[in-house]
Amino acid sequence: MRWTLITVTVTAGLSISLVACGTSAGTSAGATPSGSASASGSEPGAAPAGKIAWGACTDLRRPGGDSPATPAATMQCGKLAVPLDYGKPDGETLDLALIRIPATGPGRRIGSLVFNFGGPGASGVDTMAQAAKAFRTLGARYDLVSFDPRGVQRSRGVTCGTGAQMDAYVALNTLPANAETRDKNEAAMREFAQLCEKDSGEVLPYVGTVNAAQDLDRMRVALGDAKLNYFGMSYGTQLGAVYATKFPKNVGRTVLDAPLDPSVTFYQRTMAQTKGFQQAYESFLKACVAEGCELGPDTATASSKIDRLMERSVAAPLQVGDRLLTQGLASTAVAAALYSKLTWPFLENAVASALKGDGGALLYLADTYTGRKPDGSYSTEMSSFPAITCVDSAERPDEEELLRTEEAALKISPLFGNAGAGSMCSVWPVPGSDEARKVDATGSGPILVVAGKGDPATPYQWGPKLTEQLKTATLLTYEGEGHGSYLSGSRCVAGAVNAYLLEGKMPDSGASCPA
C-alpha cells in the first residue's frame, strides 16, 4: 500500500525541492534543430497535424495547491485534441493541456523542448510554471513546453472519490506489518479501485504510456517541430524511451534523467526502490549527525527516535488543526523529503518538532507529496499514478506473491518495506499490457541517459540497463544524492546536459560527475 505513496513521483520531490531553494535554477547527427513539420509529420507513420489554441494561463497551482500571485506574462496555456482510443482515431477525443514559455534569446532558436517531470501522474503544466527558472539556460534557445499527460489533472485526470475519501486513503497506517494491517489496507485498496472505476471508468483503459507516446508525436507536429526534443525525468524517462521505440526517426535531442528500467517486474522494482530509500535514509542520518543533529548525537539514536515517532503515531496520532498526523502520513513525509538533499534540513526540523508534539511540518511534507490542497481537495496525482502504472503492466500478483514481496522488502527496510505496486494492480479494474516495458530505439538519434548513484526512487542500476535496452543511448553517471541529477545543483551534470541540448555535444562514453 505505502508504495503508492513513496515511489516514482519526481514532481513531488521536485516541488518540495523548489520550495526549499526558492526556485530562483553546432548540430550533430540525429539532433538537428527543429524546423516546420509538414501536415502529416516529418517521418512515415508520423502523427497528423493538430492545432493548439494558445492563451493566458488562468488555473496554475503551486505545490501546496494555491494559485500563484501573478502568472508570468510570457507563459501560454493551450489544449490539443487527441484520440481517446488510438484504435479509433476518428472517435472520441481527449483534450491535452499544455504550457509553453517562448524562447527568450539571445541566440538562434532551436525549437521546442518538451518536458515530462515524472509520476506517472504529475502535472507538467503546474510544474513547468513553478520550475521554469531552473531551466532558464535551456529556455534561451528553446520554447519550454510541458503538459498534463492523458489521465492527469486537466487532461481528463483520473479521480477516485471525494477529498474526504482520499484523506482516509492516504492516511492509512502501514505499521505494524501484520495480517490485520494487510487486511485493512487490502480492503481500502479494493474500495479505492472501485471508486476509480466509478468516477473515471471511461478513461481508465486508455491512460497508458504507449498512448501517451502517440500523444507526444501529435504534440510535436502541432508545435511545428520536425523532431521531438525531449527532457524526461523519472517516469518521464520511460515515456521518452517508449516514444523513441515507436518513433525512432522523429527523435531529436533527448535527455532521460533519473531513469527507470521498464523491463523490471513489480517484485524487482520494489526491492530496488526499498534499497534506494533505505540508502537515502541512512545518508540523511549520517549527514544530520555530521552537522550536529537535533535528533541525536549518532545515527542509531536518531533512527531510533524516528522509529519511536512512527510507533507512537499508530496508537496516538498527533493532532494538527482538525486533522491527524497518522503513521502512514508521517512515513510518507519522511520519504518525500529524501528525494533531495535540499530538504534534509527541513526533514530534521520537522521530525524534531513532531517529537515535541507539533506534527505540522511533517503533515505539510505529506500534503505536498500527495497533492492535497488547502481546501481539502486533491490533485489527480495519487489517482493517476496507479491508473497509469497498472495499465502499463500485465502483472497481477496473487496474495502469496504479494506476501513474499512484502517480507523480502521489510528485511531491507522496516520503515519503507512493503508489497509494492503489485498490491494495487492486483485489484485494479482494467487489464494491463506489457508493451510499454519493451524498449528499443534502434534507428533513433543519440539519447543521453543521466543516472545518480544516490537516487532513492530510481536506483542507479536502472540507468545502465535502460541505456543498454535503448541501443542508441549514452550514460552519464552522477555520484551524488537525490532523485534526478540535472536539478541536483551539480554544475558538471548541468553543463553536460546543456552542452548536448544546446550544441549537440554528447558526453564521452563512461563519463561521470562528482557529488
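The values are calculated or read from the model by the stated rules, or taken from the named source; none is laboratory data. Just so you know, these numbers come straight off a predicted model, no measurement behind them. Cβ: placed from backbone, ideal geometry, glycine included. Neighbour counts: every protein chain shown. Remember, those area values only see protein heavy atoms, side chains included, never the ligands or the DNA or RNA. Shrake-Rupley method; radii C 1.70, N 1.55, O 1.52, S 1.80 Å.
Checking Ala287 against (1) surrounded by 20 or more Cβ atoms within 10 Å (Cβ to Cβ); (2) touching a Lys or Arg at 6+ places or on another chain (Cβ under 9 Å); (3) outside any loop (DSSP other than H, G, I, E, B): exactly one of these is not met. Which one? That leaves (1) as the condition not met. Among the residues of segment 265-323, the ones that are in contact with a Phe, Trp or Tyr (Cβ under 9 Å, 6 or more places away or on another chain), closer than 22 Å to Trp344 by Cβ and of a type in the set (Ser, Thr, Tyr) come to 4 in all. When Gly510 is tested against the conditions (1) more than 19 Å from Ser340 (Cβ to Cβ); (2) of a type outside the set (Asp, Glu); (3) at pLDDT 95 or above, the lone failure is (3). Condition check: touching a Lys or Arg at 6+ places or on another chain (Cβ under 9 Å) and among the basic types (Lys, Arg). Does Arg108 satisfy that? Spelling it out, Arg108 is indeed touching a Lys or Arg at 6+ places or on another chain (Cβ under 9 Å) and among the basic types (Lys, Arg).
Only residues that are open to solvent by less than 20 Å² (accessible area, probe 1.4 Å), within 18 Å of Gly121 (Cβ to Cβ) and not in a helix (DSSP H, G or I) were counted in segment 366-380, giving 2. Scanning segment 282-305 finds one or more residues that are more than 22 Å from Asn173 (Cα to Cα) and touching a Gly at 6+ places or on another chain (Cβ under 7 Å).
Each row is one residue, and each column tells you yes or no for (1) at pLDDT 95 or above; (2) under 20 Å from the mean Cα position of the chain (by Cα); (3) open to solvent by 10 Å² or more (accessible area, probe 1.4 Å).
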| position | (1), (2), (3) |
| --- | --- |
| Gly321 | yes, no, yes |
| Gln327 | yes, no, no |
| Ser340 | no, yes, yes |
| Ser353 | yes, no, yes |
| Asp358 | yes, no, yes |
| Tyr364 | yes, yes, yes |
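Assess whether Gly484 counts as being modelled with pLDDT of 95 or more, surrounded by 16 or more Cβ atoms within 10 Å (Cβ to Cβ) and on the phi > 0 side of the Ramachandran plot. In short, yes. Residues in segment 255-280 that are open to solvent by 10 Å² or more (accessible area, probe 1.4 Å), among the hydroxyl-bearing types (Ser, Thr, Tyr) and either under 16 Å from Ser146 (Cβ atoms) or in a helix (DSSP H, G or I) (or both): Tyr267 only.
Once segment 182-221 is narrowed to residues that are of a type in the set (Lys, Arg) and under 23 Å from Gly236 (Cβ atoms), the residue that is most open to solvent (accessible area, probe 1.4 Å) is Arg218.
Checked against the criterion of being over 22 Å from the mean Cα position of the chain (by Cα), among the charged types (D, E, K, R) and either at pLDDT 50 or above or surrounded by 20 or more Cβ atoms within 10 Å (Cβ to Cβ) (or both), segment 50-69 has at least one qualifying residue.
Given the criteria open to solvent by 20 Å² or more (accessible area, probe 1.4 Å), touching a helix residue (DSSP H, G or I) at 6+ places or on another chain (Cβ under 9 Å) and β-branched (Val, Ile, Thr), does Thr474 qualify? Answer is yes for this residue.
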